[in-house]
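Below is one structure, written out as structure tokens; comments come after it.
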Amino acid sequence: MDTNFIKTLQERITVNELDIDVVCSNFGDRILLVVSQVQKFGTLMEVRCDPVLAGSSSHSFSVRTLLGKDEPEVHVFGRAIAGHLSLPTNTPLLLALGLRNHSPSLIPPLLKELEKLKMWEPI
């Protein structure tokens, strides 16, 4: 019997000279992604891909805060991460974001580093 049914990867990345811990667990039907520089979950969100119109190649994402501060800046990070990682359409993302600063200038370099990890690929 395979006891490793949950694929989990952990890395430390550097973004704009900030050390950020990243943990990703792929449960098959959903993905948990922790992005934290404070060794805590911070805000826990559920990000889902919304249905799109037929023939449209773009996706929109809905963000629901489950725990923590329900702030627009955090939702921007959630949408950006989900959209950039090319997650399977029906796979919800549970995103724990524990950053000290939610500056929009942090998004592009963070996405670049997360993309290198390829942690969200299917089991």
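Brief remarks follow.
- For GluC sites (Glu not before Pro), the sites in the stretch 11-112 that DSSP calls loop and that have at most 13 other Cβ atoms within 10 Å are 17.
- Across the options 34, 24, 66, the greatest Cα extent toward the positive end of the charge dipole of the stretch 8-81 (unit charges at beta carbon of Lys, Arg, Asp, Glu) belongs to 66.
- Inter-probe distance in nm under a simple model that places probes 7 Å from Cα toward Cβ, at residue 71 and residue 90: 3.6
- Largest-first ordering by accessible area, 1.4 Å probe, given options 21, 29: 29, 21
The values are calculated or read from the model by the stated rules, or taken from the named source; none is laboratory data. None of the values given here were measured: they were computed from a predicted structure. All Cβ positions, even for glycine, are placed from backbone atoms using ideal geometry, and neighbour counts span all protein chains on display. Just the protein is used for accessible areas: all its heavy atoms, side chains included, with ligands, DNA and RNA removed. Shrake-Rupley method; radii C 1.70, N 1.55, O 1.52, S 1.80 Å.
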